[in-house]
1. Picking from L167, L200, which residue would you name as being assigned to a strand (DSSP E or B), out of contact with any Cys (no Cβ under 6 Å at 6 or more places or on another chain) and either under 16 Å from K45 (Cα atoms) or touching a residue at least 24 places away in the same chain (Cβ under 8 Å) (or both)?
2. Does V94 count as part of a strand (DSSP E or B), farther than 21 Å from W188 by Cβ and aliphatic (A, V, I, L, M)?
3. Would you pick out the residues in the stretch 150-162 that are outside any strand (DSSP E or B) and at pLDDT 95 or above?
4. Taking only pairs six or more apart or across chains, which ones have beta-carbon atoms under 7 Å, a first residue in the stretch 42-57 that is closer than 15 Å to T173 by Cβ, and a second residue that is surrounded by 14 or more Cβ atoms within 10 Å (Cβ to Cβ) and polar (S, T, N, Q)?
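The values are calculated or read from the model by the stated rules, or taken from the named source; none is laboratory data. Computed from a predicted model, the values in this text were never measured in an experiment. Ideal geometry is used to build each Cβ from the backbone, glycine not excepted, and the neighbour counts take in all protein chains shown.
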Amino acid sequence: MLWCAGLLEVKLRPMAPLLLLAVFLFAQGGGIYAPVRARKPRLPKVDRGACPFEGCQFGTWTAQTAIPVYSTWKPQPSGNPVRTLQKGENITAVTGIHITYKPTRIQMTSAIPKYHLQAGDTVLLYMSQGEGFYTAWFNGYWFENFDGSGLALKDGSGCQENCDAVLLDNGQTVWWVKIKTKEGQVGWVKDMNFDGMDALAQMLPRPI
């Protein structure tokens, strides 16, 4: 029996990456934890159509403060705003672009079997998906919805119990949103101080 088991191991070894992927898919039912074999993303990583938090929605937003509007989300020589939204001004948020210049690095402090992660493994976090979930890359795989809710931060915030990761380095990201004013002017904003962004907040009962 031992000889047969050893022979089986030798025969299956060349298929290890495929078997690992199959284990992921089987264990998670092909759901949000299903990985994709991929190289580490090149930087900056640009995600188009991004609305990076739970309940995030485009549509009618209301400026809560004065907010500068730019002609493009791309770097410009001047970098000066083309106009400023006034507090209380309504605009239409059309779409978003999330740019990762540097991913957040975290290190696992305990194993997570569903991800085949071991203590000491490093995970790179890119775009937040809300509620502690991120797009992420580690060990040659890309995840669209990695559960990072077990991350304990250096300032004592974040996970408070049953934590499984610590922060190594903060990332550098920016979220731009394309807007259209009531006059029809189109521009881009990166200061997200608007009412109407969060569909979940609109569902909460207002205080009496």
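1. L167
2. The answer is no for V94.
3. Within the stretch 150-162, just G150 meets the criteria.
4. L43/T100; P44/T100; K45/T100; C51/Q57; P52/S128; P52/Q129; F53/S128
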